[in-house]
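Structure record follows, encoded as structure tokens.
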Amino acid sequence: MRQKVFISHYMPDIGLEMIRQHFEVDYWCGSALSKTEFIARAKDATALVIFMTDFIDAEIIENCSKLKVISSFGKGYDNIDVAACTRQGILVTNNPDDLTASTADLAIALLLALCRNVVSSDAYIRTGKFGGWHPFHFLGSDFHGKTLGLIGFGAIGQAIARRAKGFDVNLYYYDVERKPEAEHILAVQYAPLAKLLANSNFVIIAVNLCENTRHLLSSKEIASLRPGSYLINISRGSTVDEAAVAEALLSGHLRGYAADVFEFEDQVIKQRPDYINEKLLHCTGQTVFTPHIGTGTVDARQQLSVSTAKQLICALKGEKPTGAINYTALMKNTSNASPFFPVT
């Protein structure tokens, strides 16, 4: 009997067919399932392919006793209880590289749309009131020649830096780990967070969401931003305090905020808002928002589909996938040894 894989949302055919070649597939591409519905579909599965809107907690894991692999269709995995997976001998995988370029592209797009007033200018044109050039129409800020601060200097942060170099900007980065080789190659200077915030005209957040990065930019850090600066968030909504951002925009301390991610999306945070901060939504001339489309290109989704399939197939063959999240932790506990995770 072939092993069963449950896929919980739409997945491009190219990766779906790769999985079907090896395993029995239960494929759901309708509206989001309730937890009860999810467990009913997943309880007999050996592996899951899950997505951003799924929240895989201890209850789901405990009710799916046959699970060996959970493969995330994306890079972030804050919606998976990795510790509970490790206790149950379940390998968690993600896609470490396939969304990097597309997300970095969007970061630059949001930055430019924000500082050059692209969205509000477009809306004005559509009112029918535009009568031709005017010296004061939608004056924005230049990006070239300014200082860009990157919070987080992993793959996405470095991809943003490579793109930003074409604008002749000065680059700072902050990360919990120094990256000397990348500093040299990209001519980027490390700075403590406080220095980066105080000296940057533009700040882009590109960190994973975890306990230490929730509200990494709270009211205190936002108050220490350079007056008149711009903030762009393409990581997770809960890395910033949206209410504090709204207040900074209303006071004029922060000139603009762009985001592709929002606090209400982060299911791992129990006390999260129901939707985007109302004051923030009303800062229409100072904000640019997109609906979590960092990987929202046909090309990126095709690549993610293939990569997700490869991660899952590799794991179920007993090999170590490139995106293995908790492989080392699993191997430390010899009781987790299985045909899928041979102790080496």
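The values are calculated or read from the model by the stated rules, or taken from the named source; none is laboratory data. What you are looking at is a predicted structure, and each value in this text was computed from that prediction instead of being measured. As a convention, Cβ positions derive from the backbone with ideal geometry for all residues, glycine included, and neighbour counts pool all protein chains shown. All accessible areas refer to the heavy atoms of the entire protein, side chains included, with ligands and DNA or RNA removed. Shrake-Rupley method; radii C 1.70, N 1.55, O 1.52, S 1.80 Å.
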With every protein chain in place, region 160-245: carbon and sulfur % of accessible area (1.4 Å): 48 percent
Whole-number accessible area per residue in Å² for region 150-260, which is evaluated in the context of all protein chains at 1.4 Å: 41 Å²
Neighbourhood net charge (15 Å Cβ-Cβ; Lys/Arg +1, Asp/Glu -1) for residue 313: +4
Percent accessible area from carbon and sulfur atoms, region 262-330, protein chains only, probe 1.4 Å: 51 percent
Amide H contacts of residue 233 (H built 1.01 Å from N, under 5 Å, at least 5 apart or other chain): 205, 258, 259, 260
Residue-normalised accessible area of region 1-122, expressed per residue, 1.4 Å probe, Å²: 42 Å²
5 angstrom amide H check on residue 91, placed H, neighbours 5+ away: 69, 70
The chain: DSSP helices with Cα axial extent of at least 15 Å and average Kyte-Doolittle hydropathy no lower than 1.6: 100-115
Spacing of the two label points (7 Å from each Cα toward its C-beta) at residue 118 and residue 27, in nm: 3.4 nm
Positive minus negative residues near residue 117 (Lys, Arg vs Asp, Glu; Cβ under 14 Å): 0
Region 262-302: C-alpha gyration tensor shape, a/c 1.5 cut-off, then a/b vs b/c: oblate
Residue 125/residue 317 FRET efficiency (R0 56 Å; Cβ-Cβ; nearest 0.05): 0.50
Estimated inter-spin distance, residue 51 and residue 281, nm [label 7 Å along Cα→Cβ]: 2.3 nm
Percent of alpha-carbon pairs separated by more than 21 Å within region 69-181: 57 percent
Chain lengthening between residue 35 and residue 297 when straightened (0.36 nm per residue, less Cα-Cα): 91.4 nm
Average projected area [Cα convex hull, the chain], square nanometres: 19.5 nm²
Accessible surface of region 1-51 [probe 1.4 Å, protein heavy atoms]: carbon and sulfur percent: 52 percent
Relative contact order (percent, whole number), the chain, Cα cutoff 8 Å, 6+ residue spacing: 19 percent
Proximal charge balance of residue 236 [Cβ under 9 Å; K/R count +1, D/E count -1]: -3
Listed pairs 75/220; 179/317; 68/332; 4/332; 68/270 exceeding 22 Å between Cα atoms: 75/220; 179/317; 4/332; 68/270
Förster radius 35 Å - calculated FRET efficiency between residue 331 and residue 223 (Cβ-Cβ, nearest 0.05): 0.20
Integer Hz, Karplus 6.51/-1.76/1.60 couplings in order for region 276-282, x for Gly and Pro: 5, 3, 4, 5, 5, 4, 8
